[in-house]
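Quick note: the coordinates plus some simple rules give every number you see, no bench work behind them. Note that the structure is a prediction, hence the values are computed from the model and not measured. Virtual Cβ from ideal backbone geometry, glycine too; neighbours counted across all protein chains shown.
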Amino acid sequence: MAKVLVLYYSSYGHIEKMAEAVAEGARGAGAQVDIKRVPETVPEEIARGAHFKLEQAAPVAAVADLENYDAIIIGTGTRFGRISSQMASFLDQAGGLWMRGALNGKVGSAFVSTASQHGGQETTLFSLITNLLHFGMTIVGLPYSFQGQLTLNEVTGGSPYGATTLAGGDGSRQPSANELDGARFQGALVAQTAAKLFG
């Protein structure tokens, strides 16, 4: 049974919801799955003032946790077309794992959220994928075999590089059924790939 970590950062709960869908897909494909979040770096008073969702069920991850999994699926919101500083800070602390090659050959994947349709979803995915490649990981995206990517009858996230969602400028839009289906599909595909490599 493949061990999968869904690691995320979510200011307002959109990526948290996507992480749960990714985990659901991976579990449905037979993997053992943990969901963890990276530490918040914004001072609590400022975070509360900005209405961050500070109460989240997932435990906070430690960098040392990463090498205990066959696959790691990373999600974050976008900040000006790149990954959030919270996720960047966490990954920047993984130099020791990189030096030892502790993640070489493991499966890596990414999912993100933006406020708008063209808010940098793919550049943020590539920011994450670049990190994963530097760690020596085998990348799994969200292929067009997920037919929801081809829909033209609604505004929706989704990219061949990973599942995505749109939050809206005020954060009021929640992940759609199609976006959550994409996240589940990606989670299942990562779990299936890890099982082939490590099963």
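Note on the stretch 96-135: along the principal axes its Cα atoms extend 39, 16, 11 Å, ordered by decreasing extent. Each residue of the stretch 189-199 was assigned a 3J(HN,Hα) from its phi angle through the Karplus curve 6.51 cos²θ - 1.76 cosθ + 1.60 (θ = phi - 60°); the sequence is 5, 4, 4, 5, 5, 4, 5, 5, 7, 10, x Hz, with glycine and proline shown as x.
Using θ = phi - 60° in the Karplus curve 6.51 cos²θ - 1.76 cosθ + 1.60, the 3J(HN,Hα) couplings for the stretch 18-30 round to 5, 4, 5, 5, 4, 4, 4, x, 5, 5, x, 8, x Hz; x is entered for Gly and Pro. When you count the other C-beta atoms within 10 angstrom of each residue and take the mean per peptide, 41-47, 149-155 line up highest first as 41-47, 149-155. The residues packed around Ile72, meaning those with a beta-carbon under 11 Å from its beta-carbon, carry a net charge of -1 if Lys and Arg are +1 and Asp and Glu are -1. Each peptide in 182-192, 128-138 was scored by the mean count of other Cβ atoms within 10 Å over its residues; highest first, the order is 182-192, 128-138. Amide H contacts of Val33 (H built 1.01 Å from N, in plane; Pro and chain starts excluded): Val4 sit under 5 Å, all sequence-distant by 5 or more or on other chains. Rounded to two decimals, the Cα-based Rg/Rh of the chain, with Kirkwood Rh, is 0.94. Using alpha carbons only, the radius of gyration of the stretch 50-123 set against its Kirkwood radius gives Rg/Rh = 0.99. Based on alpha-carbon atoms, the Kirkwood radius and the radius of gyration of the stretch 61-103 give Rg/Rh equal to 0.99. The largest-to-smallest principal axis extents of the Cα set in the stretch 78-154 are 48, 28, 12 Å. Distances between placed amide hydrogens fall under 5 Å for Gly108 paired with Ile72, Thr138, Ile139, Val140, all partners being 5 or more residues away or on another chain.
Cross-link partners for Lys106 among the lysines, with Cα-Cα distance under 16 Å and sequence neighbours closer than 8 places in the same chain left out: Lys3, Lys196. Put a plus charge on the Cβ of each Lys and Arg, a minus charge on the Cβ of each Asp and Glu, and nothing anywhere else: the dipole of the stretch 3-198 about its Cα centre is then about 320 debye.
Close amide H contacts of Ser113 (hydrogens built in the peptide plane, cut-off under 5 Å, sequence separation of 5 or more or a different chain): Thr76, Gly77, Thr78, Thr165.
Measuring from centroid to centroid over Cα atoms, what is the spacing of the stretch 38-114 and the stretch 128-186 in Å? Measuring centre to centre over Cα atoms gives 17 Å. For the stretch 83-94, the Karplus equation 6.51 cos²θ - 1.76 cosθ + 1.60, evaluated at θ = phi - 60°, returns couplings of 6, 5, 5, 5, 5, 4, 4, 5, 5, 5, 8, 8 Hz by residue, with Gly and Pro reported as x.
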